[in-house]
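Shown next, in structure tokens, is the structure this report addresses.
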């Protein structure tokens, strides 16, 4: 185990492409009719129409969904085996996007196309971006722990500390808060679409 060390990625963007593939796989799984978009654990409140009727309900449910995802990602980054958990979280978030979009199409048919294009997809893409960044940090933290435990126990200067890890997730939580504020406002302004 002494010969295990941190190996930086050689190709730029390879990890991001793998994360996008995990998200796309989740979207494909979530868009299947058998997935069951009625359950909040499946659709993850990624569609404002599934959140409730009031602006406050939309805000609280979208924010709660985002913060629960970030908490799960944060905790998985504290373990050596956080990498597969992070990949599973990306697939899970993609399932929520697919289930939300398919629920909108099941409810409205082609009339739901403007609502999906204006309300659901921008919010979902923003959430998937936050999810991908958080999983990137999970993988970095997990790699750092693996190098520490598998190596000689010395910490490398390349790896970020716990405070920086917490600060990155605090910034991601702030971004999620801003996104969660924008969703009910856009839903209120463009209320006739849903």
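The values are calculated or read from the model by the stated rules, or taken from the named source; none is laboratory data. Not measured: the values here are computed from a predicted model. Counting neighbours? That spans all protein chains shown, and the Cβs are built from the backbone with ideal geometry, glycine included.
Taking the stretch 105-117 only, how many residues are buried (at least 16 other Cβ atoms within 10 Å of the Cβ) and under 20 Å from the mean Cα position of the chain (by Cα)?
Qualifying residue count for the region: 1.
Inside the stretch 77-99, can you point out the residues that are surrounded by fewer than 23 Cβ atoms within 10 Å (Cβ to Cβ) and touching a residue at least 40 places away in the same chain (Cβ under 8 Å)?
First, the residues of the stretch 77-99 that are surrounded by fewer than 23 Cβ atoms within 10 Å (Cβ to Cβ): 78-81, 83-85, 87-89, 91-92.
Residues satisfying the conditions are 78, 79, 80, 81, 83, 85, 87, 89, 91, 92.
Go through (1) closer than 22 Å to residue 15 by Cα; (2) in contact (Cβ under 8 Å) with a residue 24 or more places away in the chain and name the single condition residue 164 misses.
Going through the list (1) closer than 22 Å to residue 15 by Cα; (2) in contact (Cβ under 8 Å) with a residue 24 or more places away in the chain, residue 164 breaks only (2).
Output the number of the condition that residue 128 fails; it satisfies all remaining conditions of (1) out of contact with any helix residue (DSSP H, G or I) (no Cβ under 8 Å at 6 or more places or on another chain); (2) buried (at least 20 other Cβ atoms within 10 Å of the Cβ); (3) within 17 Å of residue 179 (Cα to Cα).
Every listed condition holds for residue 128 apart from (1).
One line per residue, one yes/no per condition, for (1) exposed (fewer than 12 other Cβ atoms within 10 Å of the Cβ); (2) touching a helix residue (DSSP H, G or I) at 6+ places or on another chain (Cβ under 6 Å); (3) on the phi < 0 side of the Ramachandran plot; (4) at pLDDT below 75:
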| site | (1), (2), (3), (4) |
| --- | --- |
| 17 | yes, no, yes, no |
| 24 | no, no, yes, no |
| 38 | yes, no, yes, yes |
| 67 | no, no, yes, no |
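Residue 58 is checked against (1) modelled with pLDDT of 90 or more; (2) buried (at least 20 other Cβ atoms within 10 Å of the Cβ) and fails just one. What number does that condition carry?
(1)
Of all residues in the stretch 142-167 being within 17 Å of residue 80 (Cβ to Cβ) and under 18 Å from the mean Cα position of the chain (by Cα), which is modelled with the lowest pLDDT?
Per the stated criteria, the residue is 142.
Just checking, which of 139, 178 is within 23 Å of residue 89 (Cα to Cα), at pLDDT 80 or above and surrounded by 15 or more Cβ atoms within 10 Å (Cβ to Cβ)? Explain how you work it out, then say what you get.
Working: 178 fails: surrounded by 15 or more Cβ atoms within 10 Å (Cβ to Cβ).
It is 139.
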